[in-house]
Amino acid sequence: MATEETTREPALVVIGTPIGNLGDISERAIRELREVDLICCEDTRRTGKLLNLLNITPRPDLEVLNEHNEEKRANEILNRITAGLRVALVTDAGMPGIADPGQYLIKSAIDHEINLEIVPGPTAGIVALIASGLPTSRFVFQGFIPRKGEERQRRIEEIARDDKTTVIYESGKRIERTIQDLLNICGDEREAIIARELTKMHEEIQRGTLRHLHTKMSDISTKGEFVLILSGFSEDHYVSDSLLKEELQEIIGSGKSKRDAVKELTSKYQLSKRRVYDLSIEISVDET
């Protein structure tokens, strides 16, 4: 493990960069960015702007390593380290490999027994988690969840059943839909926060139940980057299938539609909509 006193030997140096506030970059990160032989980055324009603000001239020019070319370029970069270079890896913001490029290159370096140095920096998910006030002793990072289809449905149902605090990344274009889908499956009263543009000038944090956050969406700008923190499922909310069937029959018997009955119990007990719907089908089968 490298320290300031050790020889600066060839290595892949993974460097965390600010997620918004430039003041969050460490002295060590600045020194490494100034002294490495090569900087691989996600976007040369974004990293170039950061280096300019830090008065750093990269040597030689920046090289692109992103989700489209990481696997193709990994061996070339590792060969350059083996030949004696110190190569820095950065992304547009935060820690490489966390919902950003870098994981493949890092794993390849480990597999090839190439020296790996980590210069820690801010991570949006951890910042939002701490700001949420929700339990931090056990949490799960889901990153960006699937955009559509059965894969998305399954992932949200998995999140709904997890008893750990969940960290989700989302874009402004999809944040409202994701809140709606979580509301439908996890129920109205699950505690959550929406964090937007963390550490930046227009940072915004909204706290409350999924129902409350859903009503607030019209007041929240969709510009920027979002982190959603969701409280874990509690066993206190467990409801047996037999009880759910009884309540479904009562609600439907009172004149409401099956769809309304499913919606009512999903919200009441914070359950997966799929689970309650499947039970409503079983009731129909039993009655035939």
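Residues that are touching a residue at least 60 places away in the same chain (Cβ under 8 Å), more than 28 Å from Val262 (Cβ to Cβ) and either touching a strand residue (DSSP E or B) at 6+ places or on another chain (Cβ under 9 Å) or of a type in the set (A, V, I, L, M, F, W, C) (or both) within segment 170-199 comprise Ala195, Glu197, Leu198, listed in sequence order. Going by the conditions given, is Arg174 outside the structural domain of Gly23 (by TED's automatic domain parsing) and either modelled with pLDDT under 95 or among the charged types (D, E, K, R) (or both)? Taking the combined requirement at face value, the residue satisfies it.
Scanning segment 213-228 for residues that are over 21 Å from Ile130 (Cβ atoms) and of a type outside the set (Gly, Ala, Ser), we see that the one that is surrounded by the fewest Cβ atoms within 10 Å (Cβ to Cβ) is Asp219.
When you scan segment 111-134, do you find a residue that is over 28 Å from Glu9 (Cβ atoms), in a loop (DSSP other than H, G, I, E, B) and of a type in the set (Gly, Ala, Ser), even just one? So far as segment 111-134 goes, yes, one or more of its residues are over 28 Å from Glu9 (Cβ atoms), in a loop (DSSP other than H, G, I, E, B) and of a type in the set (Gly, Ala, Ser).
Give me the residue from segment 105-148 that is of a type in the set (Lys, Arg) and not assigned by TED's automatic domain parsing to the domain that holds Glu67 and, out of that set, surrounded by the most Cβ atoms within 10 Å (Cβ to Cβ). For segment 105-148, the residue satisfying everything is Arg147.
For segment 177-204, the set of residues classified as in contact with a helix residue (DSSP H, G or I) (Cβ under 7 Å, 6 or more places away or on another chain) and modelled with pLDDT of 95 or more consists of Ile179, Ala192, Ile193, Ile194, Ala195, Leu198, Thr199, listed by residue number.
For Glu117, are the conditions met, namely being modelled with pLDDT of 95 or more, among the acidic types (Asp, Glu) and on the phi > 0 side of the Ramachandran plot?
No: the conditions fail for Glu117.
Conditions tested, residue by residue: (1) of a type in the set (Asp, Glu); (2) under 22 Å from Pro135 (Cα atoms).
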site: Gly149; (1), (2): no, no
site: Ile159; (1), (2): no, yes
site: Arg174; (1), (2): no, no
site: Leu182; (1), (2): no, yes
site: Glu189; (1), (2): yes, yes
site: Met201; (1), (2): no, no
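The values are calculated or read from the model by the stated rules, or taken from the named source; none is laboratory data. All figures in this text were calculated on a predicted structure; none of them were measured in a lab. Methodologically, a virtual Cβ is constructed for each residue, glycine included, from the backbone with ideal geometry; neighbour enumeration extends over all protein chains shown.
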